[in-house]
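Colleague: Input: one structure, supplied below.
Since every read-out is calculated from the coordinates, none of them should be taken as a lab result. Here the structure is a predicted model, which is why all the values come from computation and not from measurement. Neighbour counts run over all protein chains shown; Cβ positions are idealised from the backbone, glycine included.
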């Protein structure tokens, strides 16, 4: 490390935790209202999928172009600009009355998430590498907590004030995070002074494997966004029931994320990530086989348990695959691949759901996940055949690099 980790000038992590929490809450509240787009504005399933796709596409662009800036000491700037952009995006959604408003709003919010996430992850990773699992687990818990609370807040505001109230409410709520964002400080770790291209990271075999493992999860996320809410709606669930269901289904993720990070560091991020994602892929294949609203919620809650336990392991695996000065670029590039996979999965699952049924959509999703997990397992295998156990992830003497 370039600086003593105990240095009092080291950045405080709470601003990064809180901003990611607020942004995730805003995004999940938008997702929850997918069925309302159909009922209030007459959007077709394809148009809803198009708005989701636009958010993924904008996030992809931001992750590729902006994440290297965090490696050059600009994490606080990305955090602030991402928060402001997120607020503007919610205002677009609040006043929108046609498809293009929602495409622009969702695109702006996706761009905002692409700016803030790598900045937060880099700072959390490099501030104390010896607590990598714990800190990434805590970041994941804040992130997931936003996803849990967002739908409940959106459902309550929708019931009180109508369809547009949740957008106004979330925009106003994010305003209160501005003072927190302005307290963020840059980290003291090694920086990318050579301004290397993010795509150079694809030359690292184990980085590619880690990306495939992360991508497998976002195939599920993309399918979930485009199919799960609509399927709940088709099974007779009301909007408030969908909001509560998403909250209950996601609750295990923040509760288990911190523990998942600690266990991933203890047993090895590779084994931990692959094992839990394999369980998720098997459970996903059963989503279309169960009948009724309650059964779908129950199997989703069980799946969320493995999601929470595996959440920090993927970013850990990416982290130990690259040098210290490339952390944000690696996390951003990996996340961009996740976003691209999620966007494609959204369109794929929506098309399959529209032309076939949810059973087929979920089985195809599960099959793709299994293939990606298997390839990722092979590519992340260490040359000496021993399992990777993150200790001090930036020690070049370890076997994390070719």
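Colleague: Jot down the per residue volume, in cubic angstrom and as a whole number, of the convex hull over the alpha-carbon atoms of the stretch 240-364.
Modeller: It is 117 Å³ per residue.
Colleague: Can you give the alpha-carbon Rg of the stretch 140-245 over 2.2 N^0.38 Å, where N counts its residues?
Modeller: 1.53
Colleague: Only counting other Cβ atoms within 10 Å, I'd like 199, 303, 123 sorted with the fewest neighbours first.
Modeller: Listing 199, 303, 123 from fewest to most nearby Cβ atoms yields 199, 303, 123.
Colleague: Still on this structure, I have one more. Gaussian network model of the chain, Cα springs within a sub-10 Å range: biggest mean-square fluctuation belongs to which of 124, 219, 104?
Modeller: Maximum among the listed residues: 104.
Colleague: Looking at the square roots a ≥ b ≥ c of the eigenvalues of the Cα gyration tensor of the stretch 49-160, which shape do they give, rounded for a/c under 1.5, prolate if a/b is larger than b/c, or oblate?
Modeller: Oblate shape, in that a/c is at least 1.5 and b/c is the bigger or equal ratio.
Colleague: Same structure, new question: Starting from a Cα-only point model with no solvent, please compute log10 I(q)/I(0) by Debye for the chain at q = 0.15 1/Å.
Modeller: Taken in order of the listed q values, log10 I(q)/I(0) reads -1.39.
Colleague: On to the next question. Quick one: Cα convex hull volume of the stretch 303-367, Å³ per residue?
Modeller: Each residue corresponds to 88 Å³ of Cα convex hull volume.
Colleague: So how do 175, 63, 90 line up by other beta-carbon neighbours within 10 Å, fewest first?
Modeller: With the fewest neighbours first, 175, 63, 90 line up as 175, 90, 63.
Colleague: I would also like to ask the following. Starting from the Cα coordinates of the stretch 222-286, work out the convex hull volume and express it per residue in Å³.
Modeller: Here the figure is 88 Å³ per residue.
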